[in-house]
Structure formats: structure tokens, C-alpha cells
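To keep things clear, I will list the structure first and then write my remarks on it.
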Amino acid sequence: MLCSVSTFGIVLLFLIIAAFFALIALGVGSFLRPNNPTTEKNSTYECGEETILGSWGKFNIRFYLIALVFVLFEVEIIFLFPWAKVLTDTKVQAIESNWQVYAFTEGLLFIIILVMGLGYLWKNNLLNWQLNSIKEDISKDDLTKNKQIIPNTAYQSINTRYSQKKNSINN
């Protein structure tokens, strides 16, 4: 009896085999890698520094805004690549003679809207996250309660600890 598999069946079979190989690789890796947990390896890691005030502290909204603007511009830049490809496609130009003018105008309008959005952000100083602009948003109560700013003693203790570790490693 002859068995035929459709194109989707081949894709499904490929995905099942790929998942199987991935699970085998993870399983073999779990047996071969060393397992030496220490207190330092199990400690919380946050940008190389230990947490001081906890993870539920206040963050300035500008960090979130910068991240959103970055993602927004990255996604919009991705849309420019297919536009550039279609703009230079000779098959589409053969179908309609003024297609290239239309596509160029649409792309130019898209870029103008992007530049206008960037100009708005720049004009309203929303792309600046320097400390002098952040201090305007910090109330005096937050400064006295140390919710926003890490005390200097914490920085000093971290610096002495890391300099001691560096000295012990060098010796």
C-alpha cells in the first residue's frame, strides 16, 4: 500500500523531528554539564550589582518611553525594506507605468510621519533621561525616603567589596 503525505504533513513531520532533536540535545546537556551551585551563583543578578532597595521601587517613566520609541522605530524601519524591494521591482513597473511614483510618494509620506514623530519627541524633551531632567520629577518626599535615589553609602560599600574581591583575585 502506497502512502502519500501532503505538503503540510511533511512540514508537521519536520517540526516533530526538530522538537525531538531539541529535546534530546537538552537532555544530553543536562547530564553532561556540571552542577555546582554556590551562594554567589544562586544570588540575584541585576546588571552586576546587588539589589539595594528592592525590585518594586519607582522608575522614571522616561525609561519606558525611550524603550517604546525604540521598538516603534525599529518596527517601522522593518517596513521600509519591503517597500524598497517593491519600489525597484521591474515586474510591477511593467504592469502599471506610474507605480514607481506612487510607491515613492507613499514611502516618502511614511518617512515624513516618522520624522515628525521624532521631532515631536525631541521638541518636548522626551528623549532626554539625564539626571538633571529626572530631578524635576522627583519630589522632596521621595528624596528624604530614599525611594528614587540610591544612597552614597551603598555605592561606597559596593565599591569596597568589589575592590577587595579584585585584590584577592590579583594576589
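How many of the residues making up the range 61-89 are in a helix (DSSP H, G or I), free of Cβ contacts under 8 Å to residues at least 12 places away in the same chain and not aliphatic (A, V, I, L, M)?
6
Is the range 47-64 home to any residue that is open to solvent by 60 Å² or more (accessible area, probe 1.4 Å) and modelled with pLDDT of 75 or more?
Yes, because at least one residue in the range 47-64 is open to solvent by 60 Å² or more (accessible area, probe 1.4 Å) and modelled with pLDDT of 75 or more.
I'd like to verify a number: residues in the range 98-157 that are at pLDDT below 65, hydroxyl-bearing (Ser, Thr, Tyr), more than 16 Å from Ile66 (Cα to Cα) and open to solvent by less than 100 Å² (accessible area, probe 1.4 Å), how many?
Final tally of qualifying residues: 1.
The values are calculated or read from the model by the stated rules, or taken from the named source; none is laboratory data. What you are looking at is a predicted structure, and each value in this text was computed from that prediction instead of being measured. Here Cβ is always computed from backbone atoms with ideal geometry, including for glycine, and neighbour counts include all displayed protein chains. Accessible surface is based on the protein model in full, side chains and every heavy atom, while ligands, DNA and RNA are left aside. Shrake-Rupley method; radii C 1.70, N 1.55, O 1.52, S 1.80 Å.
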